[in-house]
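Chemist: This structure is in structure tokens; I'll ask about it shortly.
The values are calculated or read from the model by the stated rules, or taken from the named source; none is laboratory data. Predicted model only: the values in this text are computed from it and were never measured. For neighbour counting, all protein chains shown are included, and Cβ atoms are generated from backbone atoms with ideal geometry for every residue, glycine included.
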Amino acid sequence: MSDLNNYLNRAVNDQASDLFIVAGCPVSEKIEGHIVPIEGQKLLPPDTEMLIREIYKLANRSIDKYLSTGDDDFSFAIPGLSRFRVNTYRQRNSLAAVVRIVSFDIPKWDQIHIPPQVMELAKITHGMILFTGTAGSGKSTTQACIIDRINQSRECHIITLEDPIEYLHKNMRSIVSQREISIDTADYLSALRSCLRQAPDVILLGEMRDAETIRTAITAAETGHTIIATMHTKGAVNAIDRIIDSFTSAHQAQIRYQLANVLHTVVSQQMIPDINGNMIPAFELMQVNSAIRGMIRENKNYQIDNVITAGRDEGMISMDQSIQALYEQGLITKEAALNYADHPDQIQRRLG
């Protein structure tokens, strides 16, 4: 067994989230937020190049793009072991990689603390559902659980546009077409435009990066599709602001009006260390009601947080309310609650 296979097996067996191959330090793994060296010997640039070339062979992928641009993103699987999402990059003129370990099996939503009201989004038959959060906040896993729920409970054509594909979905009650950017299609925009002619019911859009992709996604939601999209922002208000700010001032009023009409829910999540040193998700959930629609249209997004906080009866929850609930359930410490809260002073007063 090669060194690379040993490292991958070790990372899977240790239930690590990531494997690091970087010159100047040992091969290391991240376990519950802590970086742990797998062995003591530091890697030299020829070592990292050898390991990364081996990764490309395992993935049956050409290394030429990476060598010419300095960045690449792809995934591969080892039967019987796991799937792996890889980002390769240059640093200090040497080759480096971070390998994300992705289970073959989609996790049980209740075992990873996804709230039932988030899973209820699988029942939505039209409109836009946004998932927001920083990298590593668990967005992809939550979305995979929702797609799995749709797949088990409804007869749909689900199209996922991902970069790269992480979780694999088997066809159950639904047909699931999974397309990987740069392998199955050129880019998000052309894939999204094409999939509108592929009789989709649900479209999972891995990332909304630019104005044209956002505009096309909004149009798709207007025509009766369910759009589940991702944005790398923190919180519902920041996501709405990011969408509006992607357009020129001349087009923003129109986009505000369209977005107010199609936006159904915004889910924002982050990972917080629990009392055992593991990571647990906290969720902000914004259900778009008539008050929020008016605020989006009238460019009064700064008022939305107050509606979320007061909207528990409508299924909403603020990030601080979610964090407080985790603390009251004995799942996180008071220190963690204060460190991750949006308004730690208010949490401090409530917790006493």
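Chemist: Of (1) in the same structural domain as Pro200 (by TED's automatic domain parsing); (2) part of a helix (DSSP H, G or I); (3) under 25 Å from the mean Cα position of the chain (by Cα), Ala325 satisfies all except one. Which?
Modeler: In the conditions (1) in the same structural domain as Pro200 (by TED's automatic domain parsing); (2) part of a helix (DSSP H, G or I); (3) under 25 Å from the mean Cα position of the chain (by Cα), Ala325 misses (1) alone.
Chemist: I'd like to check something: does the stretch 329-349 contain any residue that is surrounded by fewer than 17 Cβ atoms within 10 Å (Cβ to Cβ), within 30 Å of Ala16 (Cβ to Cβ), in contact with an Asp or Glu (Cβ under 7 Å, 6 or more places away or on another chain) and not assigned by TED's automatic domain parsing to the domain that holds Thr226?
Modeler: yes
Matching residues to (1) of a type outside the set (Val, Ile, Thr); (2) over 20 Å from Glu180 (Cα atoms); (3) assigned by TED's automatic domain parsing to the domain that holds Arg149; (4) in a loop (DSSP other than H, G, I, E, B):
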site: Leu19; (1), (2), (3), (4): yes, yes, no, no
site: Glu29; (1), (2), (3), (4): yes, yes, no, no
site: Asp47; (1), (2), (3), (4): yes, yes, no, no
site: Lys57; (1), (2), (3), (4): yes, no, no, no
site: Lys65; (1), (2), (3), (4): yes, no, no, no
site: Asp72; (1), (2), (3), (4): yes, no, no, no
site: Gln117; (1), (2), (3), (4): yes, yes, yes, no
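Chemist: Hey, another quick one. Condition test on Pro164, is it closer than 27 Å to Ile243 by Cα and either outside the structural domain of Met271 (by TED's automatic domain parsing) or free of Cβ contacts under 8 Å to residues at least 60 places away in the same chain (or both)?
Modeler: Here the answer is no, as Pro164 does not meet what is asked.
So that you can scan it fast, the table gives a plain yes or no per residue for (1) modelled with pLDDT of 95 or more; (2) surrounded by fewer than 20 Cβ atoms within 10 Å (Cβ to Cβ); (3) more than 26 Å from Tyr167 (Cα to Cα):
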{"residue": "Ile31", "(1), (2), (3)": "no, yes, no"}
{"residue": "Ile55", "(1), (2), (3)": "yes, no, no"}
{"residue": "Ile63", "(1), (2), (3)": "yes, yes, no"}
{"residue": "Asp72", "(1), (2), (3)": "no, no, no"}
{"residue": "Pro79", "(1), (2), (3)": "no, yes, no"}
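Chemist: Further question on the same structure: Which is outside any strand (DSSP E or B), within 20 Å of the chain's Cα centre (by Cα), surrounded by fewer than 21 Cβ atoms within 10 Å (Cβ to Cβ) and not basic (Lys, Arg), of Glu180, Glu207?
Modeler: Only one candidate qualifies: Glu207.
Chemist: While we're on this one: Within the stretch 185-204, is even one residue buried (at least 20 other Cβ atoms within 10 Å of the Cβ), in contact (Cβ under 8 Å) with a residue 60 or more places away in the chain and within 24 Å of Val102 (Cα to Cα)?
Modeler: yes
Chemist: When only residues in the stretch 85-137 that are touching a helix residue (DSSP H, G or I) at 6+ places or on another chain (Cβ under 7 Å) and of a type in the set (Phe, Trp, Tyr) count, which is surrounded by the most Cβ atoms within 10 Å (Cβ to Cβ)?
Modeler: Phe131
Chemist: Continuing with the same structure: Looking at Ile146, Ile112 in this structure, which one is among the β-branched types (Val, Ile, Thr), more than 26 Å from Ile240 (Cα to Cα) and either in contact (Cβ under 8 Å) with a residue 60 or more places away in the chain or touching a Leu at 6+ places or on another chain (Cβ under 6 Å) (or both)?
Modeler: Of Ile146, Ile112, the one residue that is among the β-branched types (Val, Ile, Thr), more than 26 Å from Ile240 (Cα to Cα) and either in contact (Cβ under 8 Å) with a residue 60 or more places away in the chain or touching a Leu at 6+ places or on another chain (Cβ under 6 Å) (or both) is Ile112.
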